[in-house]
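Visitor: Here it is, the structure, as structure tokens.
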Amino acid sequence: MPDLLLELRSEEIPARMQRKAAGDLRKMLADGLVEAGLTYEAAREYWTPRRLTLDIRGLTARSKDIREEIKGPSTTAPEQAVQGFLRKAGLSSIAEAHVHSDPKKGDFYVAHIAKPGRAAEEIIAELVPGIIRNFPWPKSMRWGPASAKPGSLRWVRPLQSIVCTFGPETEEPVVVDFEIDGIRAGNVTFGHRFHAPGAITVRRFDDYVSKLEAAKVVLDADRRKEIILADARNIAFANGLDLVEDEGLLEEVSGLVEWPVVLMGEFEQDFLTIPGEVIRLTIRANQKCFVTRPQGAADDLSNRFILVANIEAKDGGKEIAYGNGKVVRARLSDALYFWKTDQGDLPDLDQLGESAAKFDLDLKKPLDQRMARLDHLNVTFHAKLGTQGERVARIKRLAEELALVVGADSALVARASVLAKADLQTEVVGEFPELQGAMGRKYALLQGEHASVAAAAEEHYKPQGPSDRVPTDPVSVAVALADKLDTLTGFWAIDEKPTGSKDPFALRRAALGVVRILIENRIRLALASVFAKAFANFKGGADQSSDLLAFFHDRLKVYLRDQGARHDLIDAVITPASDDLLQIVRRVEALGSFLDSEDGRNLLAGTKRAANILAAEEKKKTVVAETVEPALFREDAEKKLFAAVNQAEKEAGQAIQNEDFSAAMLALSVLREPVDSFFEGVLVNDEDQAVRANRLALLARIRAATDQVADFSKIVG
């Protein structure tokens, strides 16, 4: 079976775009080949900063001949329908169609279509130019003299050459001939820009890879990552250090080099007075370098860093390392200035008194000054939701309410609330926004705040994703909940809700954060009352508690499904008024355990049978008695079921009041045998209307008893 090699070589592709672009290329070409009637055994994509490559194995040499019938309208159909059929079938006149007969429908037109197969080279030559022209780059450009012409080629960076060869291993492959904007496909590529810039003639993928390797290009991105990581670990270890690993940086750096060469640089020890996070971010953001730490050290960094070059320098990389060190020292000098400035007094300190009084701030403390300035400058949170200062005041009020629920010290919660956003006015966070929260914690500890207050400055943003941990300190929990609930109620109040895939304010993430904090900390919270208090903070905004609660139900379903819960059990437990998320979870857990038992499965079957009969009779407007009258019982099975329902209803209701949902399920389990006996020995639709209405009322009692725990009609099975 023939194999296909395709390479699109260009100027340097941004590292963040490479992996997805290679995947897009594979999908677009593979889908196009299959749609054209070809099959293949395997397809794999590769990428470097200067090329996207596809290796497709076992591609059929020719598409199959196609014979198909297209059924048309009746021979008596109007002309408009006949013309539509001709267009669909590709026929020039109705004379080219055949007439088939059907005993019931009469005569109708049929088009017999025969399409001969096509050579794979022809299909490839047709597909690839279209893929290149319509490639989904996030950003693209035109270049050269042709860029002035309408419809000229766009690519992420100037496209320089195309390799496209096709053929079996046992024969010389052919070049698939096509051209796009003056670039003709061939079998010539080029190696490393500096080490091996000459032309390389290739045949198929295996010799293409080996020739590129000889020309100082490692094609496989994952192999480049392995080389970088192994060499970085080794050079760190050889210097008595450990590499601080960073998967995101490793992915980025592997997309910056075709021939990775790992080197070590250094900076002055004095810079180690800067917090490690700031050093790491400075070096990462500006130079794409890894930091190191002394062997065995958990938090301390060393003054050595790891860089990855794209060339093997004659001096062993000394000048490269020295040059990187100069840039790192300059950036760390800026970071040191920011760090020291943040610990000093603000130049406009004399203007902050009013804001300090509003939030009970101590202007002798640097972080308090920054919070006062955040309020004083009227920094906007959102045009319709006021300033950051107003938001902090709302969060404080809500957090103090929540402190009682989560068992937090209200004074610490109040203090944490007013300092939580203060680091937004620090120089370090201004330079590195991703350190928001982390720097608040450091600065809070430096000025002697309680450890819980400092922790809340960082942890109130958590969790920021499904894999992020949730805060557990009660102070952090109160502030985190208040922060997220203020955001959600605020945007609901101004009717800025997520729509479809659009969620510009990350409201789904905020709601899921609330869900996780409550459930994973086992916190009981009546959301409806909290919503009412939160909505009251927004003057003129509508109270949309019901709609917001429904949004939380959707997020809870997502969370529980990810935990392995059955969707039908969740639906069976949740009602529009369910506002205690932890209670919902406990109900789902108890219901799942109950239905895993034989009693549970049998009761479910009996209960659903009762509900189905009842629903069918209600639909027919059959009379159902308002109450069950024991005097109308004719069978022992009726009497036993009535007694069992009374007992189960009472015991289950008491268990639910005690929030013991497992006990409630156990109470319902006594219904299993009497329900089975009832359906075996009793005819519900008795000829006597009063008896029938009474028996239907008994079924309604079964439904009411089980509905205390869950809506069994929504359970599959």
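The values are calculated or read from the model by the stated rules, or taken from the named source; none is laboratory data. This is a predicted model, so every value here is computed, not measured. Note that we place each Cβ from the backbone using ideal geometry, even for glycine, and neighbour counts take in every protein chain shown. Only protein heavy atoms, including side chains, enter the accessible area calculation; ligands, DNA and RNA are left aside. Shrake-Rupley method; radii C 1.70, N 1.55, O 1.52, S 1.80 Å.
Visitor: Could you tell me the distance between the Cα centroids of the stretch 227-245 and the stretch 182-225, to the nearest Å?
Guide: Centre-to-centre (Cα) distance: 29 Å.
Visitor: If you don't mind, another one. In Å², and per residue, what accessible area does the chain have when probed at 1.4 Å with the other protein chains present?
Guide: It amounts to 48 Å² per residue over the chain.
Visitor: Right, next: Suppose the chain between Asp242 and Lys288 were pulled fully straight at 0.36 nm per residue; how much longer would it get relative to their current alpha carbon spacing?
Guide: 14.8 nm
Visitor: Could you check the simple spin-label distance between Gln657 and Arg184, using points 7 Å along Cα→Cβ, in nm with one decimal?
Guide: 9.1 nm
Visitor: Please list, by residue number, everything in the stretch 281-302 whose backbone N is under 18 Å from a paramagnetic label point 7 Å out along Cα→Cβ of Ser333.
Guide: Inside the label zone: 282-283, 286-287.
Visitor: Got a sec? Charge dipole of the stretch 45-179, +1 on Cβ for Lys and Arg, -1 for Asp and Glu; which of Val99, Gly72, Leu153 is way out at the positive end?
Guide: Leu153
Visitor: Towards the positive end of the charge dipole of the chain, with charges on Cβ (+1 Lys, Arg; -1 Asp, Glu), say which of Pro630, Leu256, Val691 has the farthest Cα.
Guide: Leu256
Visitor: Now for a different question. Taking Cα pairs under 8 Å and at least six residues apart, what relative contact order does the stretch 308-463 come out at, in percent?
Guide: Normalised by residue count, the contact order of the stretch 308-463 is 19 percent.
Visitor: Under a plain spin-label model, where a point goes 7 Å from the Cα along Cα-to-Cβ, how far apart in nm are Ile70 and Val110?
Guide: 1.6 nm
Visitor: Okay, next question. Counting Lys +1, Arg +1, Asp -1, Glu -1, what net charge surrounds Ala81 among other residues with beta carbon under 13 Å of its beta carbon?
Guide: Summing Lys and Arg as +1 and Asp and Glu as -1 gives +2.
Visitor: Cβ under 15 Å from Glu598's Cβ, Glu598 left aside: what net charge do those residues give with Lys, Arg +1 and Asp, Glu -1?
Guide: -2
Visitor: Now for a different question. Over the chain, what is the relative contact order in percent, taking alpha-carbon pairs closer than 8 angstrom and at least six residues apart?
Guide: Here the relative contact order equals 7 percent.
Visitor: A follow-up question, please. Below 16 Å, Cα to Cα, which lysines can Lys64 reach? Residues fewer than 8 away in the same chain don't count.
Guide: Filter leaves Lys115.
Visitor: Another question, if that's okay. Label the stretch 452-549 by shape, choosing from rounded, prolate and oblate, from the square roots a ≥ b ≥ c of the eigenvalues of the Cα gyration tensor; if a/c is under 1.5 it is rounded, and otherwise prolate applies when a/b is larger than b/c, oblate when it is not.
Guide: Cα axes put the stretch 452-549 in the prolate bin.
Visitor: A further question follows. Where a ≥ b ≥ c are the square roots of the eigenvalues of the C-alpha gyration tensor, would you call the chain rounded, which needs a/c under 1.5, or, failing that, prolate if a/b is larger than b/c, or oblate?
Guide: oblate
Visitor: FRET efficiency for Arg133 and Lys88, Cβ-Cβ distance as r, R0 = 22 Å, nearest 0.05?
Guide: Efficiency for this residue pair is about 0.20.
Visitor: Does the stretch 489-594 come out rounded, prolate or oblate, given a ≥ b ≥ c as the square roots of the eigenvalues of its C-alpha gyration tensor, rounded meaning a/c under 1.5 and, failing that, prolate meaning a/b above b/c?
Guide: The shape class here is prolate.
Visitor: Sticking with this one: For the charge dipole of the chain, defined by +1 on Lys and Arg C-beta atoms and -1 on Asp and Glu C-beta atoms about the Cα centroid, which residue among Phe190, Pro294, Ser677 has the Cα displaced farthest towards the positive pole?
Guide: Of the options given, the answer is Phe190.
Visitor: Students often get this wrong, so check it: of Lys396/Lys421; Lys421/Lys484; Lys384/Lys497; Lys442/Lys484; Lys396/Lys533, which have C-alpha atoms separated by over 18 Å?
Guide: Cα-Cα > 18 Å for Lys442/Lys484; rest within.
Visitor: Report the charge-dipole magnitude of the chain in Debye, nearest 20, computed about the Cα centre from +1 at each Lys and Arg Cβ and -1 at each Asp and Glu Cβ.
Guide: 1380 debye
Visitor: Moving on. Just the number, please: carbon plus sulfur as a percent of the accessible area of the stretch 630-717, 1.4 Å probe, no ligands or DNA/RNA counted.
Guide: 47 percent
Visitor: If you add up the charges near Ala15, with Lys and Arg at +1 and Asp and Glu at -1, over every other residue whose beta carbon is less than 15 angstrom from its beta carbon, what do you get?
Guide: +3
Visitor: Moving on. Evaluate the distance, in nm, between pseudo-label points positioned 7 Å from the Cα of Gln689 and of Glu618 along their respective Cα→Cβ axes.
Guide: Inter-label distance under the simple model: 2.1 nm.
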